[in-house]
Amino acid sequence: MEKLYIATDKALAIARQHGGEWVVDPQLTGRATQCLAIDPQQPAEVYCGTFDQGLWRSNDAGKTWENVGTNIIYEQVMSVAIGPSEHANGHSVIYAGTEPSAIFRSADGGATWRDLATLRQLPSAPTWSFPPRPYTHHVRWITSDPIQPGRIYAAIEAGALIRSFDGGETWEDRKPDGPFDTHTLVMHKLAPNRLYSAAGDGFMQAGIGFVESDNGGDTWYRPDEGLNHHYLWSVAVDPADPDTIVISAAHGPQQAHDPMSAESAVYRRSHNSSWQQVRAGLPGEKGLLTCVLAANPAEAGVFYMGSNKGIFRSADAGVSWEELPMHWPDNFQMGRVHALVVVAE
């Protein structure tokens, strides 16, 4: 049985199957939840970053929460990741990214955090800028290598995708041909050095929204054949097949994020074929903000999608979808979905 953690504008929604529907339990109500991570070694340990009140941790699968990270000096926690291959003192290593751009590392279950300050000394750092708030920028995404301990990637919105080979002690700046504005970056255990980047680069130069690397980020290529939308937001990969991918995309940031102009799409690609837009079972493009996509490692060929139009599931590797019957509490307004994590209970 699966459980969904859904980070939204006003709360963290935790959904469990009960009979024929999903029952939603809102937690962290009133907080602008942004990002999620679950410790693969201890699935009851959940971390949730908020835009206004720092980082929160639950040790009981979301029943109770405590604010952690007094050493994280910024309240805007935009990304959080747990290294499945990196451990210290019996704990999984945790990384938290903030606005303005900084990354903090914890090796004791979130009790204390250390600023990985060399990130801000990179040559490209003075050029980083987030267009809606050009006076600042943030760490939009952190990916910890599932196989190689200490290799981590950080996506700065906007300006660079950077990497570290030593747990963030030192950093390597953006590659000249690398993505500029990565929104989501994933890796796959069955393709150890492959990186999948859903980027906003296509808004600035058409045709380069999806970017891949097969050598850990040394070089990049852009398999965009079939894409009619080039501002990419989210990407997920079939747990059983690293060559089957789904993405969410729009024509530009306004269509992706503005409810008044929302218009977005979902695409699928399998085994080097061209991208195909997916429509079966999904809401129409008009009014649809760019959705968040996720996969559960325990469910081969299954994808999940969180959107302002509902929560959807595909059981055929992204070819067709169905909306999950969600029982939302009275007066609960989901709004934008910022993060979605699926785990097996």
Overall form of the range 166-275 per C-alpha gyration tensor (a/c, 1.5; a/b vs b/c): oblate
Cα-based Lys proximity count in the chain, under 19 Å, for pairs eight or more positions apart or on separate chains: 4
J(HN,Hα) series, the range 68-76, from Karplus relation 6.51 cos²θ - 1.76 cosθ + 1.60, nearest Hz, glycine and proline x: 10, x, 5, 8, 7, 7, 10, 7, 8
Residue 103 long-range amide H proximity, modeled H, under 5 Å: 116
Burial ranking of peptide ranges 214-224, 152-162 (average Cβ count within 10 Å, highest at the top): 152-162, 214-224
Cα gyration tensor category, rounded, prolate or oblate, for the range 76-220 with a/c compared to 1.5: oblate
Percent antiparallel among DSSP beta bridges (both partners in the range 2-344, rounded to 5): 100 percent
Max mean-square fluctuation residue, GNM over the chain, Cα-Cα springs under 10 Å, options 260, 326, 187: 260
Stokes-Einstein D for the chain, Kirkwood Rh over Cα pairs, 20 °C, 1.002 mPa s (µm²/s): 108 µm²/s
Gyration tensor (alpha-carbon) shape descriptor, the range 24-151, a/c threshold 1.5: oblate
Between the range 3-66 and the range 276-290, the alpha-carbon center distance in angstrom: 26 Å
For the chain, the longest site-free run once trypsin sites (Lys or Arg not before Pro) in DSSP loop states with at most 16 other Cβ atoms within 10 Å are removed: 64-188
Amide hydrogen neighbours beyond the local backbone of residue 275, cut-off 5 Å, H modeled: 225, 226, 227
Per-residue ³J(HN,Hα) for the range 263-275, Karplus 6.51 cos²θ - 1.76 cosθ + 1.60, θ = phi - 60°, Hz, x for Gly and Pro: 6, 8, 8, 10, 10, 9, 9, 9, 6, 6, 6, 6, 5
In order through the range 22-29: 3J(HN,Hα) via Karplus (6.51 cos²θ - 1.76 cosθ + 1.60), integer Hz, x for Gly, Pro: 9, 9, 9, 10, x, 10, 6, 5
Environment charge at residue 168 (Cβ cut-off 15 Å; Lys +1, Arg +1, Asp -1, Glu -1): -2
Between the range 128-171 and the range 181-256, the Cα center-to-center distance that results, in Å: 16 Å
Amide H partners (placed H, <5 Å) of residue 68, local residues excluded: 55, 56, 57
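No value in this document is a laboratory result; all are computed from the given coordinates. Since the model is a prediction, treat every value here as computed from it, not as a measurement. Glycine gets a Cβ as well: all are built from the backbone with ideal geometry, and neighbour counts include every protein chain shown.
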